[in-house]
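See structure below.
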Amino acid sequence: MKALRITRRLVLLLVHMGVGIAVVVLLGHQRDGGAPRGRFERAVRWWLARVPRIAGVRVHVRGVPAAGPVLTVSNHVSWLDIPVLGGLASVGFLSKEEIRRWPLIGWFATRAGTLFIRRGAHAAAAVTERISAELVRGRRVHVFAEATTTDGTDVRRFHPRLLAAAQATGSPIQPVALRYLPAPDGRPTPAPYHGGAVLFPHLLRVLAEPRLDVEVHFLEPIPTTEQDRRGLADAARKAVRAVVVGERSPAA
């Protein structure tokens with residue numbers, strides 16, 4: 001039964017990848033700066049939303065994405081975070097430069113308007129400038145503020161430098177909490193992708209599950225005019241952590 005489930009879902013994902021290639025080729029119109037626009041933007045959101053469904057992931061949403069140009073910041077648990085969030089709202093993701101070189105995935109991410117960050121001394125200034133430009137254009141940008149994935153049981157320090165663009169443009173910051181739930185039989189969720197995990201074996205473990213559940217909490221936006229970057233990062237982390245570790249009701 002498990003082998004049949006994995007095979008069926010894997011075939012559907014491969015077909016869906018083919019659909020994604022067709023979407024990019026036929027509708028791949030981008031705004032200045034590389035963000036998708038018009039029908040292409042809607043098609044990217046539809047394509048991303050289908051990935052969790054095919055993988056057997058049920059997404060439970062609390063709250064609503066803030067309207068207009070906003071920097072959303074969240075904890076980071078899995079590669080699933082991107083299709084889960086991208087299927088709920090049109091958003092540009094900040095990702096490490098290495099992703100751009102991944103076969104097919106890097107090409108699709110680039111065409112879908114992903115913002116890539118390079119490691120190095122001048123990376124922070126370049127990232128701030130790029131995110132600021134997207135916010136000024138009216139686009140929503142998402143940052144995984146821990147700058148790495150975790151096991152999802154707690155929230156690491158949020159990096160203040162990743163929030164500089166919101167402060168520079170006067171855009172609000174909306175904390176978003178991702179909470180992957182245990183399996184119905186009480187087993188820990190296999191969703192976390194961390195600690196040297198390899199993508200394909202991890203994908204197979206996810207596809208083998210009868211179902212996975214993730215809660216996405218869109219929390220109260222934080223104005224950027226009242227605190228410095230460290231204060232903003234701490235406030236956003238505190239709001240996210242309250243949901244992740246259970247200090248705040250999941251239904252809030």
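The values are calculated or read from the model by the stated rules, or taken from the named source; none is laboratory data. Everything quoted here is computed from the prediction, not taken from an experiment. Note: ideal-geometry Cβ built from the backbone for every residue, glycine included; neighbour counts use all protein chains shown. Keep in mind that these areas ignore ligands, DNA and RNA; they rest on the heavy atoms of the full protein, side chains included. Shrake-Rupley method; radii C 1.70, N 1.55, O 1.52, S 1.80 Å.
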Note to self: Kirkwood Rh of the stretch 72-124, Cα pairs, one decimal, Å, is 12.0 Å
Rounded to the angstrom and largest first, Cα extents along the principal axes for the stretch 48-144 equal 40, 33, 23
The extension gain from Ala235 to Ala197, computed as 0.36 nm times the residue separation minus the Cα-Cα distance, is 10.7 nm
In vacuo Debye sum over C-alpha of the stretch 140-222, base-10 log of normalised intensity I(q)/I(0) at q = 0.17 Å⁻¹, listed in q order, is -0.83
Computed over the stretch 1-115, the relative contact order (Cα-Cα under 8 Å, seq sep at least six) in percent reads 32 percent
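If Ile82, Ile54 are ordered by their accessible area, calculated over protein heavy atoms with a 1.4 Å probe, which sequence runs from highest to lowest?
Ile82, Ile54
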To the nearest Å², the heavy-atom accessible area per residue of the chain with 1.4 Å probe amounts to 49 Å²
Taking only protein heavy atoms and a 1.4 Å probe, the highest-to-lowest accessible-area order of Lys96, Lys2, Lys238 is Lys238, Lys2, Lys96
Taking Trp79, Trp102 and ranking on accessible area (1.4 Å, protein atoms only), highest first, one gets Trp102, Trp79
Contact order relative to length for the stretch 154-230, counting C-alpha pairs under 8 Å separated by 6 or more residues, stands in percent at 49 percent
In whole angstrom, the spacing between the Cα centers of the stretch 167-209 and the stretch 212-236 equals 18 Å
If the label point sits 7 Å along Cα→Cβ of Arg156, residues of the stretch 71-98 with amide N under 18 Å come out as 73-82, 94-98
Read-out Cα extents along the principal axes in Å, candidates (1) 59, 33, 30; (2) 55, 45, 33; (3) 90, 33, 31; calculated match is (2)
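For the stretch 178-252, with all protein chains present and a 1.4 Å probe, just round the carbon and sulfur fraction of the accessible area to a whole percent. Please report the intermediate quantities before stating the final value.
Numbers: 2120 of 3820 Å².
The value for the stretch 178-252 is 55 percent carbon and sulfur by accessible area.
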Taking a crude spin-label model, label points 7 Å out from Cα along the C-beta direction, the Val136 to Ala168 distance in nm is 0.9 nm
So, relative contact order of the stretch 54-184 in percent, Cα under 8 Å, 6 or more apart, is 41 percent
Comparing Gly186, Gly170, Gly106 in a Gaussian network model of the chain (Cα, 10 Å), the one with the largest mean-square fluctuation is Gly186
